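Dropping the structure in here first, questions after.
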Amino acid sequence: MPWDLRRYWVGWHPGDKPKPKKSISEGTFEVGVDIEAGKYKGNCPNGGCWARYADDSGNDIIANDLTEGSSTMQFTARKGEFVSVSRCTFTKVN
C-alpha cells in the first residue's frame, strides 16, 4: 500500500503526536510526553511500586514508594521527569 494511503487506513497522519495519558499502569513514562504532569493516585490490589527519576537512566531516584499488600498510593509527576510503575494503576486526580 502506498505510504500516502496508509495514513487513512490506520487513522494516523504525519506530524500527529500522541496526547499524554491521564491513566497509567505497568511501565516507564516520560512526564509531559507519555503522561501529563500532575498528581496521580493509584490502586495496588496485590502490592506494587512507583518511582520518579530525574532522567531515563533509572539511576537518579527523586522519590519512590512500594507496598506489599493491597494499598492506595499517590505521587506528583513533574514535566521532564520519568515515572516507573509496577503492579499498580494510577490515574491523574487534578
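Please treat every number below as a calculation from the coordinates, not as lab data. Note that the structure is a prediction, hence the values are computed from the model and not measured. Quick reminder, even Gly has a Cβ in these numbers, built from the backbone with ideal geometry, and neighbours come from all protein chains shown.
Pick from region 48-94 the residues that are outside any strand (DSSP E or B) and in contact with a Gly (Cβ under 7 Å, 6 or more places away or on another chain): which of them is farthest from G27 (Cα to Cα)?
To start, the set of residues in region 48-94 that are outside any strand (DSSP E or B) comprises 54-60, 68-70, 78-81, 87-88, 93-94.
Now drop any that are not in contact with a Gly (Cβ under 7 Å, 6 or more places away or on another chain), which leaves 68-69, 79-80, 87-88, 94.
Numbers: E68: 19, G69: 20, K79: 17, G80: 16, R87: 9, C88: 10, N94: 21 Å.
Only one residue fits best here, namely N94.
Please specify each residue of region 38-61 satisfying the condition of being surrounded by 15 or more Cβ atoms within 10 Å (Cβ to Cβ) and not small (G, A, S).
Once the filter is applied, which keeps residues that are surrounded by 15 or more Cβ atoms within 10 Å (Cβ to Cβ) and not small (G, A, S), region 38-61 yields Y40, C44, C49, W50, R52, Y53.
Taking region 53-74, which residues are closer than 15 Å to F90 by Cβ and touching a Ser or Thr at 6+ places or on another chain (Cβ under 8 Å)?
Matches in region 53-74: M73 only.
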